[in-house]
Structure formats: structure tokens, C-alpha cells
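Everything below concerns the one structure shown next.
The values are calculated or read from the model by the stated rules, or taken from the named source; none is laboratory data. Bear in mind the structure is a predicted one, so any value in this text is a computation, not a measurement. Glycine also receives a Cβ, built like all others from the backbone with ideal geometry; neighbour counts cover every protein chain displayed. In case anyone asks, the SASA skips ligands and DNA or RNA and just uses the protein heavy atoms, side chains included. Shrake-Rupley method; radii C 1.70, N 1.55, O 1.52, S 1.80 Å.
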Amino acid sequence: MYVNGFVVPVPEDKKDAYRDVAEKFWPIAHDHGCIGHVEAWEADVKDGQHTDFRKAVDLKPGERVVFSWMTWPDKETADAAHEKMMADERMATQFGPPDGSGMPFDGKRMIFGGFEVILNKEA
């Protein structure tokens, strides 16, 4: 299993719009091999002494932190899907202008990365 993780600042009043974007994105990712997608809205994010989620995304007043991840069978599938998703017509028609100005968050302050799973337990 391989995981893409994301942390993004979202204005409080854009929560529903953000969820709508995530709902539209899931079928695209799934069609290209994604096996799981979680979007988690800030509920209890503490300020850290040296660093924290807020500092990582330069959180502004009136914004909340969203922590999300997508799971893939493996890194190869995730890498191949990225190219395919960017070429998918739905990406051009469902999310506004290509510069991201129609999105309900500031993508320039999003942090993201790919991770190899070293432990995965579920009850």
C-alpha cells in the first residue's frame, strides 16, 4: 500500500464547498486506481511549541486545517494515476480555472507527499 498525504488550510465558511470538491475528485481518483480517500476537518488541533499543522500551512484567521490522505495499491499505481488524472477531462470541467482560483482553498499553502506504509492495523 502507498499513501498520498495532504494538509491544507480551508476558510471556515468554505467547508461545504471543500467537501463538494472532494466528492467530485473521488470518482476520478478511484477510476485511476485509488483504493481509499479520507478528508478530515480540524476538530482538535493544538498549537505546537516549535511547529504544528497551523504553522505548516501558514493558517490565517478564519481558516481550519484539513488533513487528508489517499491510499493506493502501490507507488507505481499512484504515480501513473497522477498523469492520467491530470489528463482526465473531468479535471478540466469540474474544478474551475486551471490556475486553481475557483477552488475553496489556497493550494499554494497545501503540503503534500507520498509515503510508503510501514504499519497498517485495523480493528
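Scan segment 65-95 residue by residue and report those that are over 17 Å from the mean Cα position of the chain (by Cα), surrounded by 13 or more Cβ atoms within 10 Å (Cβ to Cβ) and small (Gly, Ala, Ser).
Ala80
List the number of the failed condition for Asn120; all other conditions in (1) surrounded by 14 or more Cβ atoms within 10 Å (Cβ to Cβ); (2) on the phi < 0 side of the Ramachandran plot; (3) of a type outside the set (A, V, I, L, M); (4) assigned to a loop (DSSP other than H, G, I, E, B) hold.
(1)
Does segment 69-80 contain any residue that is at pLDDT below 95 and in a loop (DSSP other than H, G, I, E, B)?
no
Here is a list: Ala87, Ala92. Which entry is touching a Pro at 6+ places or on another chain (Cβ under 8 Å) and either at pLDDT below 90 or closer than 15 Å to His32 by Cβ (or both)?
Ala92
Just to be sure, is Val3 more than 10 Å from the chain's Cα centre (by Cα), open to solvent by less than 50 Å² (accessible area, probe 1.4 Å) and under 12 Å from Met103 (Cα atoms)?
Taking the combined requirement at face value, the residue does not satisfy it.
Residue check, Asp13 against (1) farther than 20 Å from Gly114 by Cβ; (2) in contact (Cβ under 8 Å) with a residue 60 or more places away in the chain, all met but one. Which one?
(2)
Restricting the search to segment 23-44, which residues are of a type in the set (A, V, I, L, M) and surrounded by 15 or more Cβ atoms within 10 Å (Cβ to Cβ)?
Matches in segment 23-44: Ile28, Ala29.
Only residues that are under 14 Å from Glu12 (Cα atoms) and in contact (Cβ under 8 Å) with a residue 12 or more places away in the chain: list them for segment 40-53, please.
Ala40, Trp41, Glu42
Does segment 66-85 include one or more residues that are aliphatic (A, V, I, L, M), farther than 30 Å from Lys46 by Cα and out of contact with any helix residue (DSSP H, G or I) (no Cβ under 8 Å at 6 or more places or on another chain)?
Yes: one or more hits.
Would you be able to say whether some residue in segment 46-62 is open to solvent by less than 80 Å² (accessible area, probe 1.4 Å), at negative phi, of a type outside the set (S, T, N, Q) and assigned to a strand (DSSP E or B)?
no
If you check Met103 against the conditions, is it within 24 Å of His32 (Cα to Cα) and either assigned to a loop (DSSP other than H, G, I, E, B) or of a type in the set (Asp, Glu) (or both)?
In short, yes.
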